Amino acid sequence: MKICIPTMGEAGMQEAICQHFGRAPTFTIIDLDSGEIKVLPNVSEHMGGKGLPTETIFAEGVQVMIVGGLGPKAVSLFNQAGVEVFVGAVGIVNDAVDDWRSEMLTRADLDNACKDHKH
């Protein structure tokens, strides 16, 4: 199973979580089966590139997103693709994975999606 977390840089499991999914500088992907950790730059239109940030995630075969917050458009796109999304992550990647495993995070839906960009 692959988990993805929007992050501030390239420190892997010790990296700070970016609280704004679409504007995260990087995405840290953890493969729970192999233990591999991969950090990808956010090259979406939000960061001056092309496409949506969700496209990067879909291309990696991610099954679970763990985020601080995200907007309703991203929630809908992930739902349509069958990717489970959990909100409320804080701290570093390692903490967020532990919180997800402990079922301390909330499943994302349109009611708890960010309506503005002030995370």
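Go through segment 17-69 and report how many residues are on the phi > 0 side of the Ramachandran plot and in contact with a Lys or Arg (Cβ under 8 Å, 6 or more places away or on another chain).
1
Let me confirm something: among Val75, Val64, Val93, which residue is without any contact (Cβ under 8 Å) to a residue 40 or more places away in the chain and either touching an Asp or Glu at 6+ places or on another chain (Cβ under 6 Å) or closer than 16 Å to Leu105 by Cβ (or both)?
Val75
Among residues belonging to segment 14-36 that are assigned to a loop (DSSP other than H, G, I, E, B) and within 12 Å of the chain's Cα centre (by Cα), point out the one that is surrounded by the most Cβ atoms within 10 Å (Cβ to Cβ).
So the residue we want is Ala24.
Considering Val39, Val75, Val43, which residue is more than 10 Å from the chain's Cα centre (by Cα), assigned to a loop (DSSP other than H, G, I, E, B) and either hydroxyl-bearing (Ser, Thr, Tyr) or surrounded by 13 or more Cβ atoms within 10 Å (Cβ to Cβ) (or both)?
Val43
Within segment 1-13, track down each residue that is surrounded by fewer than 23 Cβ atoms within 10 Å (Cβ to Cβ) and not in a helix (DSSP H, G or I).
Met1, Lys2, Ile3, Met8, Gly9, Glu10, Ala11
Here's the yes/no breakdown for (1) over 13 Å from Thr7 (Cα atoms); (2) touching a Phe, Trp or Tyr at 6+ places or on another chain (Cβ under 6 Å); (3) of a type in the set (A, V, I, L, M, F, W, C):
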{"residue": "Asn42", "(1), (2), (3)": "no, no, no"}
{"residue": "Met47", "(1), (2), (3)": "yes, no, yes"}
{"residue": "Gly61", "(1), (2), (3)": "yes, no, no"}
{"residue": "Lys73", "(1), (2), (3)": "yes, no, no"}
{"residue": "Gly82", "(1), (2), (3)": "yes, no, no"}
{"residue": "Val90", "(1), (2), (3)": "no, no, yes"}
{"residue": "Asn94", "(1), (2), (3)": "no, no, no"}
{"residue": "Asp109", "(1), (2), (3)": "yes, no, no"}
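No lab work stands behind these numbers, since they all come straight from the coordinates. Note that the coordinates shown come from a computational prediction; the quantities given were computed from them, not determined experimentally. Heads up, the Cβs are rebuilt from the backbone with ideal geometry, glycines too, and the neighbour counts pull from every protein chain shown.
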